[in-house]
Structures are given as C-alpha cells and as structure tokens.
Amino acid sequence: MTDPKTINGGRLLVDCLIAQGCDRLFTVPGESFLAVLDALHDSPEVQTVICRQEGGAAFMACADGAMTGKPGVCFVTRGPGATNASIGVHVACQDSQPMLLFIGDVDRGMKDREGFQEVDFGQMFAPLAKLVLRIDDPARIPEYVARAWSTAISGRPGPVVIALPEDMLLETVSGIAPRPAVHRPAQAACPDAMAALMQLIGDAASPVAIVGGAGWHAKAREHFTTFAERIGLPVAGAFRRQDAISNASSVWAGNLGYGPNPKLVERIKQADLILAVGARMGEATTDGYTLVTPDHPGQILVHVHPDPAELGRVYRPDLAICADMGEFAEMAALWDDDVLPFDAGEAAHMEWLDWTTASPAPYALDMAACVTTMRETWPDDTILCNGAGNFSGWWHRYWHYNGFPTQLAPTAGAMGYGVPAAVAAALRHPERQVVALAGDGDFLMNGQELATAMQYGCDMTVILVDNGTYGTIRMHQEREFPERVVGTMLHNPDFAALARAYGGWAERVETTDQFRAALAEAKDRKGLRLIHALIDIEQLSAGGATVSGLRANGKR
C-alpha cells in the first residue's frame, strides 16, 4: 500500500496552487506535464479549462488575473506551447497583471542538449516576465510556487514563468506540505509625502489626475473617487483603464490613448500639476511621451505607484510616493486638511459627455449610433473585452464604463485578445453580460476559442466588426502612402455561419436598424451569440478618419 504522505511532484504542485487560492486554470494539454493533469483529475477545487491554442489559454489567464487580482494560471507544454503562450506573457507584463505560466519541460538529464522541443526559457522569457524559474527538485515545489505567486502579485504585478521538467513531476517525495497562502503587501503612503501632496494640490491652479494601472482595484476606485469628487479634481483614465473610476462620476474627464478628446488633451497640456496614480505613463497614454514629457518642464508631476522600481524609471517625479493603490486612495479620501475645491472637475466631465455624444454619420451601419444604442440598453456592469484594432475605438469613445471591472483590453495592443478574455470573464462572472469586441482580422487570430466557450457553456456575445481589411494598418497606409494598398485587404468567411457551426446563435447585419434588432435579441439570449456587422471601409475610425479623407491629405 502506498504511503499517503508520499506523492509525486505533479500532485504536490496542484496542492500548492490550491493552497494559494487557485480555483481555475487554463491549458492546452501536453505530455510533458501528465502528472499535473493526473492530479487535476482528483482536484475538484480547481476547474481545468481546456483551450484550443496556447495563445488563447494565456490570454484567458491574463484576463482572469486582471479581474481577480490573483495570478491567472496557465499550463502549456515546451517548445511550440511556450512560444504560442508568450503573447499572453507579454500582455500580462505591459498590462501589469498577475499571471503564472507553467511550462512542461524536458527531463533534467536532457537539458542543454537541444532535445525535442527544448527551449532555454530563462533566455526566452527574461525580457517578458518578472521572474523565470525552473524547479529541479520536487521537494522545493512549495517554495517555488509561493515565491512565484508572491512575485506575480507584489509591487507592479506581472507574469512569472515556471519550467517543470517532466521527470521532476513524476518523482515522489514524502512529508512535504504546501506553504500557506501569500498575500500582496499593502504599503501605506508616507504621511509626510501625503502632506506634501496636499500642499502641492492646494497651491495648484489647474491640477489633473491620470489613474489606473498597477494594483488598481475596487478599493482604490472607491476611495479615489471620493477624494477627487470632494476637491473637484478632473480624473483621466490611462490608456485602456477607462473603468478606473465610474464614468458617471462628476469628475471623470475621459480616457487618454489613441483618439482622445482634444479638449482633454489640451487640459493635460495646460495642467500645472499632474497626479499619476498607478499609471506607468506609457507611450500610448502620453502620445509617444509628448503629451507629458519625461522631464515635463513647467509642470509638477506627482507619481504614485506600488513598485519603487517604476518611480523615476522614465519620468522625473517632483514627488514620488510608493504605496498600495488602495491604501493611498483611502488616505487621500480621509485626509482632514482642507483643500479648496476646484470647478474644473465638473467642466471636464461636461466636455467628456459632449465628446461621447454621437452625431449622425452617412453610413448604412453607423458604428457610433450602434454603440450609443448598446450603452442605453445594456447593463452598466457589462464586461467589454477587445483586442487591437480601430473597431475598439467606437466603444472607447462612446461606451460609458460605469462598473468594475468592465474593461478587459490589452494595453500591449495585442490582436486576438477579446474572445479568450470574454471566455475568462464569462466563467468568472456568469451573472453579468460579457461582450467580446472584435474586428475581422482580430477575430480570426483566436476565434477558435468559441469552441472553448461552447464546451463550458459560457454566456457571451461577440460583436464582430467586418470591413474586409486590417483597418488600423490601412489607415496608416493611406496616410503615408495614399492609394498604394498592399498587404491589408482580407477575404473573410461567413462569420455568422461560422458561429452557428460552433453551436451558437448568430446574425449578419448591414444597417444600423438591423444591428439594433440583433443587439436586442442577443441581450435576451443565453449561450454563445455573435453579431456579424459589415461596415463600409470608408468608416475607418471613431475619430472620423476616412479613406477618401486620408487620400486627400496624405503624403505624396
């Protein structure tokens, strides 16, 4: 009879993940981690979600981490599995989201011989991950899992990659127990730094906050909103951080990134104090580091971030505050020194409301009108998931992100993210409406995960905007090289028929009225729903770019 205290590495690894609070993982199975799969057979605490491609599985894990604040967990095999999954690691890195990628690896005795599918994961993932580990001794699995979990959630959250030699997972150990669950350190802001911040705000004439990013969560959202509303501080969201505070707040000023409100851009330029909370102030948020420059002459920058390594890394802060986002926001909300209120918050909010009010457009299917209808008829807590492409701009501009979390969108600009993210969201929040937003090119990068959605009974809607081209690249192409179209035109399948083939409900729409009718029906249905919206290529972006306009004004 086997000693019940003697288990193999695969069983111990799963037990350690359960001890840390893992309740779901995403995988494409591989023979290199069969011992883990066998342990999951007897682990009802963990839902094992079988995906159709490792990139989709990694995106799901990244999205799950974004929603829960705990590491999303993904298992893949070596070589092709790891390289496919690397795109999710890159998104988790640039999005500052906690994630663990476990890779079944070659046997320990085969290492460095370029065995079957062998990759040096330390070198491969070093620029993408916070930490890359390899577990060669099963007795140290509890140590490594706890370290990986802690690293993923601490400071600036991010991905950790762990290589698992196949023979190590099969080796047995005795008397080894999982470590207790680790938790994210919640460092409060220094009271002296908070006093200095309040003094700077009190002395400012036109301050603006830019929020959302590393470690942002519901507590930070609630308390920062209280603080900003109390003093009338305009609050802008960093790129694709539009749910950082409710857009219904009287101080919400809109989002930065691609195609922002010109009035918000001007407000940022004219600000004498910028309070960046959680945001890295990356390229997209700052329009290539020009809207706010790294040295920001004539402006005071207060940078609040949970990771000291991020403070001063690119931007010169006049005041750097290293603190947990929730702890900082709560201290700000409860600060008892009077700060005279500004009237700019309400003015900025009115500018944003005007910016998000659509004007009629001369297209059979008017995307701005469609999103406006959706905003007026779907719940505030609807979770919108999108990949990369101009199609997302209509929701970024016209949707109001009032719930939390309601925006799953890669700041890394990765295509193919929306459908996998929606699967993760539908599994995590079955009580809410979940919508994957996709372009035709974007969808076909991970559309196969509709099979995963069907397999696990996900309630989700896909809105697929089809203009027969890689629209973002076409826009730049027409600007730089007018009328010289190459490499961007697409020949697409019948997407509605494809969704029906997976077992879902689908409608093909070509007019605004047809879209509205399909949207109403999709809202009342369960399971997988897909709206295939065909739009005119002339309607290139939410900002009003058109092919004819770009050709008229482009370079020659």
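The values are calculated or read from the model by the stated rules, or taken from the named source; none is laboratory data. Predicted model only: the values in this text are computed from it and were never measured. Glycine also receives a Cβ, built like all others from the backbone with ideal geometry; neighbour counts cover every protein chain displayed.
Could you check, for segment 241-250, whether at least one of its residues is surrounded by 21 or more Cβ atoms within 10 Å (Cβ to Cβ), β-branched (Val, Ile, Thr), more than 20 Å from the chain's Cα centre (by Cα) and not in a helix (DSSP H, G or I)? First the steps, then the outcome.
First, pick out the residues of segment 241-250 that are surrounded by 21 or more Cβ atoms within 10 Å (Cβ to Cβ): 241-245, 247.
So of that shortlist, the ones also β-branched (Val, Ile, Thr) come out as 245.
Subsequent filtering for residues that are more than 20 Å from the chain's Cα centre (by Cα) retains none.
Looking for residues that are surrounded by 21 or more Cβ atoms within 10 Å (Cβ to Cβ), β-branched (Val, Ile, Thr), more than 20 Å from the chain's Cα centre (by Cα) and not in a helix (DSSP H, G or I), one finds none in segment 241-250, hence no.
With (1) part of a loop (DSSP other than H, G, I, E, B); (2) free of Cβ contacts under 8 Å to residues at least 12 places away in the same chain as the list, and residue 266 as the residue in question, which single condition is left unmet?
The failed condition is (1).
State whether the residues of segment 95-110 include one that is within 30 Å of residue 241 (Cα to Cα), aliphatic (A, V, I, L, M) and out of contact with any strand residue (DSSP E or B) (no Cβ under 7 Å at 6 or more places or on another chain).
Scanning segment 95-110, I find no residue that is within 30 Å of residue 241 (Cα to Cα), aliphatic (A, V, I, L, M) and out of contact with any strand residue (DSSP E or B) (no Cβ under 7 Å at 6 or more places or on another chain), so the answer is no.
What pairs come up if the first residue lies in segment 183-196 and is free of Cβ contacts under 8 Å to residues at least 12 places away in the same chain, the second is of a type in the set (Ser, Thr, Tyr) and assigned to a loop (DSSP other than H, G, I, E, B), and their beta carbons are under 9 Å apart, counting only those six or more places apart or on different chains?
From residues that are free of Cβ contacts under 8 Å to residues at least 12 places away in the same chain, there are no pairs.
Filter segment 406-419 down to residues that are in contact with a strand residue (DSSP E or B) (Cβ under 8 Å, 6 or more places away or on another chain) and either part of a helix (DSSP H, G or I) or more than 22 Å from residue 237 (Cα to Cα) (or both), then give me how many there are.
2
Which pairs turn up if I take residues in segment 343-358 that are under 12 Å from residue 263 (Cα atoms) and look for partners that are surrounded by fewer than 19 Cβ atoms within 10 Å (Cβ to Cβ) and small (Gly, Ala, Ser) with beta carbon separation below 7 Å, at least 6 apart in sequence or on another chain?
Qualifying pairs under 7 Å: 349/250.
Give the residue that is modelled with the lowest pLDDT, with candidates limited to residues of segment 444-488 that are of a type in the set (D, E, K, R) and closer than 25 Å to residue 520 by Cα. Walk me through it before giving the result.
Filtering segment 444-488 for residues of a type in the set (D, E, K, R) gives 449, 459, 466, 474, 478-480, 483-484.
After this cut, where a residue has to be closer than 25 Å to residue 520 by Cα as well, the list is 449, 459, 466.
Working: 449: 98, 459: 98, 466: 95.
The selected residue is 466.
Somewhere in segment 390-399, is a residue touching a Gly at 6+ places or on another chain (Cβ under 6 Å), in a loop (DSSP other than H, G, I, E, B) and modelled with pLDDT under 95? Show your work before the answer.
Within segment 390-399, the subset touching a Gly at 6+ places or on another chain (Cβ under 6 Å) is 390-391, 393.
Checking the rest, the ones that are also in a loop (DSSP other than H, G, I, E, B) come to 390-391.
Then drop every residue that is not modelled with pLDDT under 95, which leaves 390-391.
Yes, segment 390-399 has at least one match.
Kindly indicate whether any position in segment 49-68 is surrounded by fewer than 24 Cβ atoms within 10 Å (Cβ to Cβ), more than 21 Å from residue 20 (Cα to Cα) and among the hydroxyl-bearing types (Ser, Thr, Tyr). Before you say what the answer is, go through the steps one by one.
Our first condition is that a residue be surrounded by fewer than 24 Cβ atoms within 10 Å (Cβ to Cβ); within segment 49-68, this holds for 49-50, 52-53, 67-68.
Within this subset, residues satisfying the condition of being more than 21 Å from residue 20 (Cα to Cα) are 50, 52-53.
Checking the rest, the ones that are also among the hydroxyl-bearing types (Ser, Thr, Tyr) come to none.
No, there is no match, as no residue in segment 49-68 is surrounded by fewer than 24 Cβ atoms within 10 Å (Cβ to Cβ), more than 21 Å from residue 20 (Cα to Cα) and among the hydroxyl-bearing types (Ser, Thr, Tyr).
Restricting the search to segment 32-82, which residues are touching a Phe, Trp or Tyr at 6+ places or on another chain (Cβ under 8 Å) and part of a strand (DSSP E or B)?
Residues satisfying the conditions are 49, 72, 73, 74, 75, 76, 77.
Anything in segment 463-511 that is aliphatic (A, V, I, L, M), touching a Leu at 6+ places or on another chain (Cβ under 8 Å) and under 30 Å from residue 549 (Cβ atoms)? List them, or say none.
Of everything in segment 463-511, those that are aliphatic (A, V, I, L, M), touching a Leu at 6+ places or on another chain (Cβ under 8 Å) and under 30 Å from residue 549 (Cβ atoms) turn out to be 463, 464, 465, 475, 509.
In this structure, is residue 507 farther than 15 Å from residue 439 by Cα, in the same structural domain as residue 393 (by TED's automatic domain parsing), in a strand (DSSP E or B) and out of contact with any Asp or Glu (no Cβ under 6 Å at 6 or more places or on another chain)? Break it down into steps so the answer makes sense when it comes.
Details: farther than 15 Å from residue 439 by Cα: yes; in the same structural domain as residue 393 (by TED's automatic domain parsing): yes; in a strand (DSSP E or B): yes; out of contact with any Asp or Glu (no Cβ under 6 Å at 6 or more places or on another chain): yes.
For residue 507, the condition - farther than 15 Å from residue 439 by Cα, in the same structural domain as residue 393 (by TED's automatic domain parsing), in a strand (DSSP E or B) and out of contact with any Asp or Glu (no Cβ under 6 Å at 6 or more places or on another chain) - is met.
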